[in-house]
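This report refers to the structure that appears directly beneath it.
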Amino acid sequence: MASFKEIVTKAVIGKAKKTSVSKCAVTPEEVPDTVLGCWVINHTFEGRSQNGVVYITGSFDVNVWYSYYNYTKTAVATKHYTYEDKMNIKLKDGAILNDEEEIIVRSLTQPTVTDVSTSNGIVNLVIEKELGVEIVGNTMLKVSVEDEEDDYEVIEDVDDEEIDDVISEIDEEYLK
């Protein structure tokens, strides 16, 4: 006869992903003639929950390489940006988000400059990134457990003499 046991374990109880677009402006020391390149570095982030909502706070540095002085000189302008993204995550099986759950944040797509324009000495950037969040919390499994020993085959003990008898009956010429 089977009975049921409950096992408490850690599992992913909710997950979501979000693509966000940020508009940033970098003001170089000189008036740029043209933008030669842009890149985003040093992306860091972490997640926290507050009142059942996940907030991701992060930051990154934007570098803009540009030419100036009638296209004869180049320089790099750098600016540090911070952001906060709010994510509503649907949890599985009616779970409730509290401070005991672990929040795992991953960058699915690193921040990338998707559009650049200059206007009045200011470099305007559009930066796109995609973040994924998993909530790991306690969950419970119910498993069927067999209680009776009658369901199992009983293995009889075999003594060494019986084994020796079986070995002596083996035909060594069989494989030849």
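The numbers here are math on the coordinates, done by the rules we state, and not lab data. Bear in mind the structure is a predicted one, so any value in this text is a computation, not a measurement. Because the Cβ atoms are built from the backbone with ideal geometry, glycine has one as well, and the counts that use them run over all protein chains shown.
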Evaluate 2.2 N^0.38 Å with N set to the residue count of the chain, then give the Cα radius of gyration divided by it.
2.05
Please give the calculated 222 nm ellipticity per residue for the chain, where each DSSP H segment of at least 4 residues contributes -39500 (n - 2.57) and the sum is spread over every residue; nearest 500 deg cm²/dmol?
-1500 deg cm²/dmol
To make sure I understand the rule: partners must be aspartates and glutamates, Cα under 15 Å from the Cα of residue 86, and not fewer than 8 residues away in the same chain. Which ones qualify?
46, 130, 134
How many nm separate the modelled label positions at residue 93 and residue 128, each set 7 Å beyond the Cα in the direction of the Cβ?
3.7
Cα centroid separation, the stretch 77-107 to the stretch 14-66 (Å)
16
Through the Karplus equation 6.51 cos²θ - 1.76 cosθ + 1.60, θ set to phi - 60°, convert the phi angles of the stretch 38-55 into ³J(HN,Hα) values in whole Hz; use x for Gly and Pro.
9, 8, 10, 9, 6, 7, 10, 7, 7, x, 8, 10, 8, 6, x, 10, 9, 10
Could you rank the peptides 156-168, 86-98, 48-60 by their average count of other C-beta atoms within 10 Å per residue, with the highest value first?
48-60, 86-98, 156-168
How about residue 90: which lysines have a C-alpha closer than 18 Å to its C-alpha, ignoring those fewer than 8 places off in the same chain?
10, 15, 17, 18
